[in-house]
């Protein structure tokens, strides 16, 4: 089941505005400094978001952005690589004034949200968009943009030595998306656990409870006990899902805890990812 349409669209709009405030209050001198992402400046994070949201706005309309189309065409028979596209989109904007990049991102994010809001309620759970990993539901595309805005907003805040922004809706979206895609994340490492499941109980800001299957398209039957359990602080879980902090860091000090089949729970945490 997808997240409620009205709720998610409201969260997305609020997160876009929050990202705008983060940009506004980030000291000018920090933009050219190194970010938390290896090899990127803080301004490069915005360049990445600008390219991604231009592509997302096009995808919501059933189109492909010119930049993405050119990148795919230049590779001929080679498979699409998201990391290579991200690196190329950042390189293209490396000499562009920051103000122009901010404008490009803001206009693309606004267009994306306008187009997302036009998806009728009766199509919210069924309509697909062609994204970098293939076809995905439009609701998941919206949720993934919330995830990107929050995570990269946190990256910018860290780079500017500003405090984290602890708000429930975006952190919940990050955690929910990461849990929904656990089977996909495991598959990238050649792993699958048919018939097995994990329960995730997270507390505080961004918290919630989930019981999820560990193989593609499997839903735990009603009454099934989870094989593995993960509990702890929702903000920490989100940072693990965003690959900002390794799970061992939080497991060592008890911020995150495992139960049931501990090895299985730790395997889930090791491969957890909120992005494709």
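Points worth noting:
- Unique residue being in contact with a helix residue (DSSP H, G or I) (Cβ under 6 Å, 6 or more places away or on another chain), at pLDDT 95 or above and either in a helix (DSSP H, G or I) or not assigned by TED's automatic domain parsing to the domain that holds residue 51 (or both) when the list is 179, 171: 171
- Evaluating residue 273 against the criteria (1) over 19 Å from residue 144 (Cα atoms); (2) in contact (Cβ under 8 Å) with a residue 24 or more places away in the chain; (3) out of contact with any strand residue (DSSP E or B) (no Cβ under 9 Å at 6 or more places or on another chain) leaves one unmet condition, (1).
- Residue 97 under 22 Å from residue 16 (Cβ atoms) and outside the structural domain of residue 232 (by TED's automatic domain parsing): yes
- Subset of the range 200-217 (residues that are in a loop (DSSP other than H, G, I, E, B) and either modelled with pLDDT of 95 or more or at positive phi (or both)): 204, 205, 206, 207, 214, 215, 217
- Inside the range 32-63, residues that are in a loop (DSSP other than H, G, I, E, B), touching a residue at least 12 places away in the same chain (Cβ under 8 Å) and either touching a strand residue (DSSP E or B) at 6+ places or on another chain (Cβ under 7 Å) or closer than 11 Å to residue 152 by Cβ (or both) make up a count of 5.
- Against the test of being under 27 Å from residue 40 (Cα atoms), modelled with pLDDT under 90 and outside any helix (DSSP H, G or I), the options 79, 94 yield a single qualifying residue, 79.
- Options 194, 163: the member that is free of Cβ contacts under 8 Å to residues at least 24 places away in the same chain and assigned to a loop (DSSP other than H, G, I, E, B): 163
- Total residues in the range 246-263, condition surrounded by 19 or more Cβ atoms within 10 Å (Cβ to Cβ) and part of a helix (DSSP H, G or I): 3
- Every condition in (1) more than 15 Å from residue 45 (Cβ to Cβ); (2) in a loop (DSSP other than H, G, I, E, B); (3) free of Cβ contacts under 8 Å to residues at least 60 places away in the same chain is met by residue 69 except one, and the failing one is (2).
- Residue list for the range 23-40, filter: closer than 20 Å to residue 243 by Cβ and either at pLDDT 95 or above or in contact with a helix residue (DSSP H, G or I) (Cβ under 8 Å, 6 or more places away or on another chain) (or both): 34, 35, 36, 37, 40
- Among the candidates 8, 3, 46, residue that is closer than 23 Å to residue 99 by Cβ and either under 18 Å from the mean Cα position of the chain (by Cα) or not assigned by TED's automatic domain parsing to the domain that holds residue 145 (or both): 46
- Verdict on residue 234 being touching a strand residue (DSSP E or B) at 6+ places or on another chain (Cβ under 8 Å), surrounded by 16 or more Cβ atoms within 10 Å (Cβ to Cβ) and under 26 Å from residue 18 (Cα atoms): yes
- Top-ranked residue in the range 183-201 [being crowded, with 20+ Cβ neighbours inside 10 Å and out of contact with any strand residue (DSSP E or B) (no Cβ under 6 Å at 6 or more places or on another chain); ranked as farthest from residue 151 (Cα to Cα)]: 193
The values are calculated or read from the model by the stated rules, or taken from the named source; none is laboratory data. On a predicted model such as this, the values are computed, not experimentally measured, just so you know. Please note: Cβ atoms are built from the backbone with ideal geometry, for glycine as well, and neighbour counts cover all protein chains shown.
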